[in-house]
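The values are calculated or read from the model by the stated rules, or taken from the named source; none is laboratory data. For clarity, every value in this text was computed on a predicted model and none was experimentally measured. So basically every Cβ, Gly included, is an ideal-geometry build from the backbone, and we count neighbours across all protein chains shown. Calculation scope for accessible area: heavy atoms of the full protein, side chains included, ligands and nucleic acids excluded. Shrake-Rupley method; radii C 1.70, N 1.55, O 1.52, S 1.80 Å.
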Amino acid sequence: MARTAKKPRKTYHHGDLRNALLTAAREVLEERGPSFLGLREISRRVGVSAPSAYHHFPSRDAIALGLAEQGAAELAAALAAAPPHSGGSLLTYGEAYVAFVRANPALYRLMFGEGFPEVSQHSAAIRGLRARSYEIMKTSLESRLPAAELPIAALFLWALVHGLGLLLVDRQIVRDGDLEDVIRRVLTLAGTGLMRQRTMGSDPGSSTDAR
């Protein structure tokens, strides 16, 4: 069935055209995917001429970069705002990350190069913004692990939430029960493993609650 074209919105405020274009581009991205990120369609949705859009985003790569930067900044903010769990758990950080992936699947993929690999791999801006998210995870581990173990532990945590998020949005996890419970249990298991690594060899008889 043919898609119904959306009417131009014409609701942006004067001087805020760039953000209006990004909002429209994000809609196109989530509805149809990165291959449909055309400036003509985005301009039409906002209700402006294509030359007006070119002034802010001269190419498809430019609009993709703008979206990727926006997504990385939002992800970093979501992680920074994650409330601390009782006992200093990693659970809330992981839940915040996975929630972002589930809420913004196409945007998240774009941040990691889907459709625009050059933007993801060679843009210093997007690399820096992604690094902020990684550093937030690393900082959350500082009170749990020795300094020498932090980089690998943070990479482990990042790989876990990245993969878990993509498995969920790709509907690869099929379960009749509560998916939120599945997420919580996977993240709790990961946190338990990290805490056991910390205590291994120092007090084999101790038990750790990493929830």
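Go over the candidates ALA125, ALA80 one by one and state the one that is in contact with an Asp or Glu (Cβ under 6 Å, 6 or more places away or on another chain) and either within 30 Å of PHE57 (Cβ to Cβ) or without any contact (Cβ under 8 Å) to a residue 12 or more places away in the chain (or both).
Of ALA125, ALA80, the one residue that is in contact with an Asp or Glu (Cβ under 6 Å, 6 or more places away or on another chain) and either within 30 Å of PHE57 (Cβ to Cβ) or without any contact (Cβ under 8 Å) to a residue 12 or more places away in the chain (or both) is ALA125.
Do we find that PRO51 is without any contact (Cβ under 8 Å) to a residue 24 or more places away in the chain, open to solvent by 70 Å² or more (accessible area, probe 1.4 Å) and more than 25 Å from ALA124 (Cα to Cα) in this structure?
Yes: the conditions hold for PRO51.
Among the residues of segment 29-48, count how many are of a type in the set (A, V, I, L, M, F, W, C) and open to solvent by 10 Å² or more (accessible area, probe 1.4 Å).
Qualifying residue count, segment 29-48: 3.
Of all the residues that make up segment 56-94, how many are assigned to a helix (DSSP H, G or I) and surrounded by 13 or more Cβ atoms within 10 Å (Cβ to Cβ)?
The total comes to 26.
Condition first: closer than 24 Å to ALA25 by Cβ and among the hydroxyl-bearing types (Ser, Thr, Tyr). Can you find one or more residues in segment 113-122 that meet it?
Yes; the residues of segment 113-122 include at least one that is closer than 24 Å to ALA25 by Cβ and among the hydroxyl-bearing types (Ser, Thr, Tyr).
Which of the residues that make up segment 151-185 are open to solvent by less than 50 Å² (accessible area, probe 1.4 Å) and in contact (Cβ under 8 Å) with a residue 24 or more places away in the chain?
ALA153, LEU157, LEU160, VAL161, LEU164, GLY165, LEU166, LEU168, VAL169, ILE183
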